[in-house]
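For reference, the structure is listed below as structure tokens.
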Amino acid sequence: MNSIRKDIIYLASKNLREYMAGKLVVIATPIGNLGDVSKRMIEVLRSVSFIACEDTRVTGSLIKMLDIKNELLSLNAHTEEKKIDYIIERIKSGESCGLVSDAGTPGISDPGIRLVNAVRKQSIEVVGIPGPNAAILALSISGLPTDAFVFEGFLPQKKGRQKKLKQLSEEERTIVIYESVYRIEKLIKELNEYMPERYIVICRELTKKFEETYEGFPVELLENISSIKMKGEFVVVISPLKWKRL
């Protein structure tokens with residue numbers, strides 16, 4: 001039996017706490033719908049020594065609903081510099097740290113990636129609990145090519161934004177972008193300027209009650225901008241450079 005198979009069996013056993021001792025565990029959490037909570041995710045959140053999270057209020061609400069009582073440690077762009085060394089020392093002492101983001105998979109457009117890098121530099125083992133990811137979900141339902149794609153996360157808000165859009169206009173693969181409610185209309189206008197020939201699929205509030213998808217060329221989306229609800233979180237999927245809709 002290979003080592004991967006042994007690990008799967010071990011993780012599924014009652015010895016999770018022992019298995020995870022001295023490790024960083026990257027744990028994906030729901031992006032909106034609590035129905036996406038997995039049994040494994042719950043078991044691991046209960047078994048780690050403590051949980052590093054973006055916002056203790058957000059993660060606190062989640063673990064309370066799941067009846068999990070565990071220590072929460074804030075780790076975000078403002079606190080990570082002070083907290084990373086502290087977390088590493090605790091892991092080295094034999095504790096296990098569960099890393100979560102406010103929603104989805106940690107490290108994707110998320111400050112948690114710095115902790116993962118720092119931990120790996122210390123030769124500490126990192127394991128992951130897979131789960132929801134907004135970018136992959138949007139890509140999978142977009143109908144656009146998935147054999148090759150580029151994920152850009154959030155574009156620069158001001159400095160470097162136009163330069164980035166110009167670079168992306170020459171990208172031959174499918175493009176996936178995150179955008180906030182405050183800049184989604186601006187982004188559509190920019191795509192009409194830089195990539196008017198590209199087909200766009202916009203996913204709003206994925207997995208949530210008011211999930212919606214809008215699609216069309218940038219000019220078509222602009223003509224119907226009033227129909228796009230400016231609320232929630234958006235994932236924008238952009239067709240490849242030479243792709244034509246059948």
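Quick rundown of the values:
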| item | result |
| --- | --- |
| Filter result (among the small types (Gly, Ala, Ser) and over 16 Å from residue 143 (Cα atoms)) within region 193-246 | 226, 227, 232 |
| Pick from region 121-151, criterion assigned by TED's automatic domain parsing to the domain that holds residue 212, loosely packed, with under 15 Cβ neighbours inside 10 Å and polar (S, T, N, Q), ranking: nearest to residue 78 (Cα to Cα) | 140 |
| Any hit, region 50-69, residues being among the polar types (S, T, N, Q) and within 20 Å of residue 119 (Cα to Cα) | no |
| Restricting region 226-239 to residues that are surrounded by 14 or more Cβ atoms within 10 Å (Cβ to Cβ) and modelled with pLDDT under 95, the residue that is nearest to residue 109 (Cα to Cα) | 233 |
| Contacts under 7 angstrom Cβ, first residue in region 209-225 being on the phi > 0 side of the Ramachandran plot, partner crowded, with 16+ Cβ neighbours inside 10 Å and not polar (S, T, N, Q), 6 or more apart | 216/200 |
| Segments classed as strands (runs of 3 or more DSSP E), wholly inside region 13-95, with at least 3 members that are of a type in the set (A, V, I, L, M, F, W, C) | 24-27, 50-53 |
| Pair list, Cβ < 9 Å and 6+ apart or interchain, from region 231-242 residues that are without any contact (Cβ under 8 Å) to a residue 60 or more places away in the chain to residues that are among the polar types (S, T, N, Q) | 234/180 |
| Matching residues, region 157-171, being polar (S, T, N, Q) and more than 18 Å from residue 200 (Cα to Cα) | 157, 162 |
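Residue-by-condition table, conditions (1) in contact with a strand residue (DSSP E or B) (Cβ under 9 Å, 6 or more places away or on another chain); (2) on the phi < 0 side of the Ramachandran plot; (3) in the same structural domain as residue 38 (by TED's automatic domain parsing); (4) surrounded by fewer than 14 Cβ atoms within 10 Å (Cβ to Cβ):
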{"residue": "98", "(1), (2), (3), (4)": "yes, yes, yes, no"}
{"residue": "110", "(1), (2), (3), (4)": "yes, yes, yes, no"}
{"residue": "119", "(1), (2), (3), (4)": "yes, yes, yes, no"}
{"residue": "188", "(1), (2), (3), (4)": "yes, yes, no, no"}
{"residue": "207", "(1), (2), (3), (4)": "no, no, no, no"}
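The values are calculated or read from the model by the stated rules, or taken from the named source; none is laboratory data. From a predicted model like this one, the values you see are computed outputs, not experimental measurements. Quick reminder, even Gly has a Cβ in these numbers, built from the backbone with ideal geometry, and neighbours come from all protein chains shown.
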